[in-house]
Each structure stands twice: as C-alpha cells, then as structure tokens.
Amino acid sequence: MRHFLTIIMLAVLAVGNFSTSAYGKTTSSNRSTTPATNKYGFYNVLNCPTSSSSIKATTEEKDDEGYNVNIYRGQTLAQTILCEDVTSGDVHYFDANFDGNLDIIVGPAASRNCSIILLWNEKDGKFEKMSETEGLNGNLLVNPKKKIIVSQASGSYCSEYYTKYIWQGNRLIPTETLIEILDPKAYSEYGVKHRYTIIVGADEDNISSSKTLETDKKAKLPLEWRQIINSYDF
C-alpha cells in the first residue's frame, strides 16, 4: 500500500512540474531547436522552428482586425491573444528576449511585412504582446551573444533600412539604423548624400540631424554593420 501511494505522489509531482515548465524556462524535455548562428553570431527568425513540444500556437484571421492567436498546453486552450498589424498568421518559436524562456513570433518576419512578438511573462504565467504600437516591420536577425535583434525593411525599390534593437523590459528600443540608398540623388530632400547613412535610433524623418556616418563604400562601415549586411546576403 505504501509503495502504491509513493507511485501516485510521484505521478502528481510529474504532472505539476510539466504544468509549470510547459510555458516556463526550457528544459531538456521541452527545449525548442534554435538555429545555429552564422560566423558572425546571427540567425534568421525565418529559420526558427514552426512547432514546439511544450506549447502550440495556432492562428485564425479576424477580418481586418488581424489574427487571433490560440495558445495551447497539451489539448487545453490556455490563452487567446488578438494580434493587430500583422500581415500573416505564420508562427515561429524562439527565445526573443534572451531570458531563457520560449517566446512566439506571429507574422512572416519578412521585408515589407509586419510581425509581433509574444513574450512569456514568468511572473504572471502567461504570454503578452511586446510593447509596440505597431507590428515589427522587416526580416529579423537575432544575435544571442550580443542580445540584439536587427530588422531589414525595404523603403522602396532602391532603399533598405537595417535597424538594431535592444530590449528594455518588454519593449524593443532602436539604437541605430543603417540606411542604404542605391540612388542618393532621389533622397536628397531627406539629407541623404551617400549610399550608406547611419542614424541614431530609427527616426527616418530627421536623417539630416541624426546621422552619425556617411559613406559610399561598404568597406568603410563599422565591422558590425558589415557583418549584418553579409548575414542578410546569405
């Protein structure tokens, strides 16, 4: 009888541990496969897993409102989040804010498209949208060692915008933007005179007052920016 009760107690503890870890810090039983980084330390979010052994997120389009994201633990619906401003219901799983927890990105994470990241809030035991008024625009690179995210978005047929972000709480803060213009003369009214311009933050309306570097040669860019451009070229 005592042996039987011991088995029951161990089973209960196992279920309890699964419940607390299913959304929490990744363990050997629920760790997602993170893509290997390239030689510069980056991986592309598009290469992140689209399924996970610990959580399951499905999406359904809500007319013009965006997508409802249904998050399941096992067969149980644990949470539903409406994600506006995303242009696709694609889902990828990765540790977005480098805290050891599995997060979700909804959207294609591709140039000229918007995505939004759902971060796991360990304190409240649920997912929450990153603090952004709009979706995150562009194809995303992640550098786990430097703890930065980079987006690449097309402004037009001849312009690319690369923006570096860091996390402050559940908000992504842009630190620098590299603007690449194939025809600078077409953008002279914005203060662009060279192929490459680096500005503070992401205020593209005030390029003239916030630029820190201008050059026509990629080789003269800071090393990290050259590595970022090369990572997108793969």
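Quick notes on this one:
- Candidates E176, E160, E122, E180, filtered to the one that is of a type in the set (D, E), over 13 Å from the mean Cα position of the chain (by Cα) and more than 25 Å from G41 (Cα to Cα): E122
- Condition broken by K123, with the remaining ones in (1) in the same structural domain as L102 (by TED's automatic domain parsing); (2) surrounded by 13 or more Cβ atoms within 10 Å (Cβ to Cβ) satisfied: (2)
- Residue in region 28-39 that is at pLDDT 95 or above, within 21 Å of the chain's Cα centre (by Cα), surrounded by 11 or more Cβ atoms within 10 Å (Cβ to Cβ) and not aromatic (F, W, Y) present: yes
- Candidates V142, V150, filtered to the one that is buried (at least 19 other Cβ atoms within 10 Å of the Cβ), in contact with a helix residue (DSSP H, G or I) (Cβ under 6 Å, 6 or more places away or on another chain) and assigned to a strand (DSSP E or B): V150
- G107 under 18 Å from the mean Cα position of the chain (by Cα), at positive phi and buried (at least 22 other Cβ atoms within 10 Å of the Cβ): yes
- A search for C-beta distances below 6 Å between a residue of region 66-86 that is hydroxyl-bearing (S, T, Y) and any residue that is at pLDDT below 95 and surrounded by fewer than 17 Cβ atoms within 10 Å (Cβ to Cβ), counting only pairs 6+ apart in sequence or on different chains, returns Y67/E61.
Per-residue answers, yes or no, for (1) at pLDDT 95 or above; (2) outside the structural domain of N170 (by TED's automatic domain parsing); (3) under 24 Å from L172 (Cβ atoms); (4) in a loop (DSSP other than H, G, I, E, B):
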| site | (1), (2), (3), (4) |
| --- | --- |
| S52 | no, yes, yes, yes |
| A57 | yes, yes, yes, no |
| E65 | no, yes, yes, yes |
| V69 | yes, yes, yes, no |
| Y72 | yes, yes, no, no |
| Q79 | yes, yes, yes, no |
| D99 | no, yes, yes, yes |
| I104 | yes, yes, yes, no |
| A110 | no, yes, yes, yes |
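- The sole residue among L172, L213 that is in a strand (DSSP E or B), buried (at least 17 other Cβ atoms within 10 Å of the Cβ) and outside the structural domain of D124 (by TED's automatic domain parsing) is L172.
- Test result for T177, at pLDDT 95 or above, in contact with a Pro (Cβ under 7 Å, 6 or more places away or on another chain) and surrounded by 14 or more Cβ atoms within 10 Å (Cβ to Cβ): no
- On the stretch given as region 92-104, residues that are more than 11 Å from the chain's Cα centre (by Cα) and on the phi < 0 side of the Ramachandran plot total 3.
- The C-beta contact set for region 202-220 (first residue under 13 Å from P184 (Cβ atoms), second residue β-branched (V, I, T) and not in a strand (DSSP E or B), distance under 7 angstrom, 6+ apart or interchain) comprises I207/V192.
The values are calculated or read from the model by the stated rules, or taken from the named source; none is laboratory data. Because the structure is predicted, anything quoted here is derived from the model rather than measured. Please note: Cβ atoms are built from the backbone with ideal geometry, for glycine as well, and neighbour counts cover all protein chains shown.
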